Structures are given as C-alpha cells and as structure tokens.
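I have placed the structure first, in the form of structure tokens, so that the comments after it can refer back to it.
The values are calculated or read from the model by the stated rules, or taken from the named source; none is laboratory data. Predicted, not measured: the structure shown is a model, and the values here were computed from it. Neighbour counts run over all protein chains shown; Cβ positions are idealised from the backbone, glycine included.
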Amino acid sequence: MFFVDADDTVRPDFFRRLSAALESSGADFVLSSFDYAPLKRDYCLSGNEVIRAAMLPAFFGYSFDDVRRWNVGGDLHARREQGGVWRCAFRRDFLERHSIRFDESLRLYEDSPFIAECAARAGKVASIPDVLYDYSPGPHGILATTLGTDRYFEYKFAALENRKAIAGRVGGGAMRYFAASAVFSSMELLKARRDWRRYVADPFVTESLRTFPCALRHPLTAAAVAFLRCAGAGVVV
C-alpha cells in the first residue's frame, strides 16, 4: 500500500523498487529517502523491541535522551526523521491486522503518528537509501499557511492525546519517547499566549515538566520550564 501527496511526484522506479523491497525483505513496511532529505540511518531491523528502540525516537517526538545530548552541545534533531508516509510502502495485511489508521482528529502532521504506530507494531522494517520521491512543499500548502494560527495551536492538544493513545495501545513505555515534546509544546504555547495553562494541567505534561533535564547551558529554557512547573503544580504564577 502506498500514499502519495497530490502535489508531489515519484521517481520512475518508486513503486517497483519499494514493492520489490517489501517482497525480498519480508518487512512490514519499507522506507526510501526523498529529495529534501536522505534517511538518517539505513533500516534493516528485525524484532519489535529493536525496531521500537531505533525508530520510535525518530518519528514519535523528542525524548529526554535527546535533550541531554542537546544540553552538552549535541544536535537536538539528530535522530528525527521526516514522518511522511508518502515515501513508504506498507503491507496491507499488516495495517489491517493491527487496525492502524490515520487519526482524523489531527489536521496537521498526521503522518508521523501513523508511521510511529507502524514502527511500534512492526516485526521487520527495511529501507532504500536512494532518493525515490520528490516532495514539493508549496507557499500555499497546509503547513505553510497554518503555522502560528489557532488551528496550529489546537493541534498541540490533539497531538498530545493522539500520542498518549498510541502509547496506551502499544505499551506505556512508549511515552518516554515524546516527554520532551510535551515540554517544548508547552513552551511554544506559553510564548504565543495560547491556552498554555490548559496544556500544562494535563498530568502527563505536568510530570514531563517536573522531570525535564534542565541545564544552565540553556538558561532561557530552564527558566521557562521552572515557570511552567509551578503552573502545572497549581502554584499561582
């Protein structure tokens, strides 16, 4: 099964090579690189626990491990992959067996949770490092026109519920892979003055703020987290 955006194009051998890779590898899904970015690592993984450890941090959000690397000078985005499903091929029986569907409450970035749940369920994943897909983000596309709007900030709440739901379906341990994302979203809402109190009142966000690994290397981040911790704990701020 393939998903292709209407304004994008594929290379001549896109379908053939991904289909062949599915067959030869026996994988549940296969990824390729696309013209904007190569895959950050070559996936040929077997075993569900191995796939979760390697791939959930790439698609599900930012973890505290990502923040710790950032605090000592590393790249926060080092493990993140673009979550577009359009550069993938999926076995239909795999999606049906696990009832994996797009969450229709998400009106932005709905690809990433879909592929994250695939990674959390898969028994084998493979990749093709070659560029097979041409992605065409336009100035009038949904991402370009919704950034900073009410729709964009409301997405933060829908995404939080979606991630918690996925983590509940595949095992609560998956929640650690997006704890830092919850903190960053709360800071983004605070900066925009967009209903941040409601967001930090969520028990998972409150706990993520409480345990967030602050460091003096990023004093503004530490100050924002300290402020939001008080709010989440019910302290008047």
Give just the number: which of (1) acidic (Asp, Glu); (2) surrounded by fewer than 16 Cβ atoms within 10 Å (Cβ to Cβ); (3) in contact (Cβ under 8 Å) with a residue 40 or more places away in the chain; (4) under 18 Å from residue 116 (Cβ atoms) does residue 42 not satisfy? (4)
A careful count of residues in segment 92-119 that are farther than 19 Å from residue 158 by Cβ and either touching a helix residue (DSSP H, G or I) at 6+ places or on another chain (Cβ under 7 Å) or surrounded by fewer than 20 Cβ atoms within 10 Å (Cβ to Cβ) (or both) gives 9
Regarding segment 169-191, can at least one residue be identified that is surrounded by 19 or more Cβ atoms within 10 Å (Cβ to Cβ), among the polar types (S, T, N, Q) and touching a Pro at 6+ places or on another chain (Cβ under 8 Å)? no
Can you tell me which of (1) more than 24 Å from residue 207 (Cβ to Cβ); (2) in contact with a Gly (Cβ under 9 Å, 6 or more places away or on another chain) is the one residue 78 doesn't meet? (2)
Among (1) closer than 26 Å to residue 137 by Cβ; (2) in contact (Cβ under 8 Å) with a residue 12 or more places away in the chain; (3) not in a helix (DSSP H, G or I), which single condition is residue 12 missing? (2)
Residues that are modelled with pLDDT under 90 and under 30 Å from residue 46 (Cβ atoms): does segment 136-157 have at least one? no
Mind checking which residues of segment 50-68 are more than 24 Å from residue 3 (Cα to Cα), outside any loop (DSSP other than H, G, I, E, B) and at pLDDT 90 or above? 50, 64, 65, 66, 67, 68
Output the residue which, of all residues in segment 175-213 that are aromatic (Phe, Trp, Tyr) and within 16 Å of the chain's Cα centre (by Cα), is nearest to residue 162 (Cα to Cα). 178
Scanning segment 41-79 residue by residue, those aromatic (Phe, Trp, Tyr), under 21 Å from residue 21 (Cβ atoms) and over 14 Å from the mean Cα position of the chain (by Cα) turn out to be 43
Which pairs turn up if I take residues in segment 179-193 that are within 17 Å of residue 149 (Cα to Cα) and look for partners that are aromatic (Phe, Trp, Tyr) with beta carbon separation below 7 Å, at least 6 apart in sequence or on another chain? 185/199; 186/196; 186/199; 189/153; 189/196; 189/199; 190/196; 192/153
Do we have any residue at all in segment 81-89 that's closer than 26 Å to residue 21 by Cβ, of a type in the set (A, V, I, L, M) and surrounded by 16 or more Cβ atoms within 10 Å (Cβ to Cβ)? yes
Given the condition free of Cβ contacts under 8 Å to residues at least 12 places away in the same chain, over 30 Å from residue 214 (Cα atoms) and not in a loop (DSSP other than H, G, I, E, B), answer yes or no: does some residue in segment 70-93 qualify? yes
